[in-house]
Structures are given as structure tokens and as C-alpha cells.
1. Which condition does Arg19 not pass, out of (1) surrounded by 15 or more Cβ atoms within 10 Å (Cβ to Cβ); (2) within 12 Å of Pro106 (Cβ to Cβ), if it passes all the others?
2. Show the residue pairs that are 6+ apart or on different chains and have beta-carbon atoms under 9 Å apart, the first residue being within segment 2-13 and more than 15 Å from Gly45 (Cα to Cα), the second being in a helix (DSSP H, G or I) and open to solvent by less than 50 Å² (accessible area, probe 1.4 Å).
3. What strands (runs of 3 or more DSSP E) completely inside segment 1-98 contain at least 3 residues that are β-branched (Val, Ile, Thr) and modelled with pLDDT of 95 or more?
4. Among the listed residues Phe3, Phe57, which satisfies the condition of being aromatic (Phe, Trp, Tyr) and in contact with a helix residue (DSSP H, G or I) (Cβ under 7 Å, 6 or more places away or on another chain)?
5. Could you tell me which numbered condition Arg108 fails, if it satisfies all but one of (1) open to solvent by 80 Å² or more (accessible area, probe 1.4 Å); (2) modelled with pLDDT under 95; (3) under 13 Å from the mean Cα position of the chain (by Cα)?
6. Does Ala50 satisfy the criteria of being among the small types (Gly, Ala, Ser), free of Cβ contacts under 8 Å to residues at least 60 places away in the same chain, loosely packed, with under 15 Cβ neighbours inside 10 Å and closer than 20 Å to Thr7 by Cα?
7. Pairs only if they're at least six apart or on different chains, beta carbon under 8 angstrom, first in segment 60-73 and free of Cβ contacts under 8 Å to residues at least 12 places away in the same chain, second open to solvent by 50 Å² or more (accessible area, probe 1.4 Å) and part of a helix (DSSP H, G or I); list them, first residue then second.
Amino acid sequence: MIFAETTEAVLSGRKTVTRRRLTHRDGRPLRYRVGYTYAVQPGRGQRHVAHVRVRAFSTEPLGHLTEYDARQEGFASPAEFETTWHRLHGGYDPEEIVAIIVFSEPERW
């Protein structure tokens, strides 16, 4: 899992949830599975810095993010989350259905 701007929040345990688009940039579907372990990368093509295990996977509209959800995402507020999402994805559609991936605290390797 790539956490370009939130790697430190993941490593510190402040971020235990991530919202992702349901397809990759090349159109392939997102395929994270509950119970599986994934490498934590600070950027595409960069060496992993830890591993996390997916604990839950669900979907909901992006705009349903609450204050609590924002904190689980490692942000101070929904507005901060929205600003970062917009910067990373070039827009923010509150009706877009996104994946919600809950993961364990990281295990450093």
C-alpha cells in the first residue's frame, strides 16, 4: 500500500484506515483482501518500511467521512482530508463510492 503523504501517520499508529478509489489508474480493480498483509511504501517504487494486515474492507460515498473517520485517516478534520484527497486525485466528488480499508498497526521489518 502506498501512503505518499501519510506514511508517518501509519507508522505512528495514528492512521489505521485508508480510503481508496475502487480502481487503479490503469483501470484494474482494487484488490485488498481481509486477513492479508501488505507492504507500506512511502511512494511508488520505493522500498517498504513496514507491513499492515487488512482487518476490514467496505465501501461508502467519499462525502460520508465524519470527524472521527478523518482522525482514523490521520487527519485533523474532514476538510484537511478533502484537501489532501483533492491534491492527490485532482478532484473531490462526495458521491464517489470508495473503498474503506481498516488495517492493523504496522509491523516494521
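1. Checking Arg19 against (1) surrounded by 15 or more Cβ atoms within 10 Å (Cβ to Cβ); (2) within 12 Å of Pro106 (Cβ to Cβ), the one that fails is (2).
2. From segment 2-13, the pairs are Thr6/Thr84.
3. Answer list for segment 1-98: 50-61.
4. Step by step, each of Phe3, Phe57 is checked, and only Phe3 is aromatic (Phe, Trp, Tyr) and in contact with a helix residue (DSSP H, G or I) (Cβ under 7 Å, 6 or more places away or on another chain).
5. (3)
6. No: the conditions fail for Ala50.
7. Ala70/Glu80
The values are calculated or read from the model by the stated rules, or taken from the named source; none is laboratory data. In this text the structure is predicted, and so the values were computed from the model without any measurement. FYI the Cβ positions are ideal-geometry reconstructions off the backbone, even for glycines, and counts take in every protein chain you see. Surface areas here come from the heavy atoms of the whole protein model, side chains and all, with no ligands, DNA or RNA. Shrake-Rupley method; radii C 1.70, N 1.55, O 1.52, S 1.80 Å.
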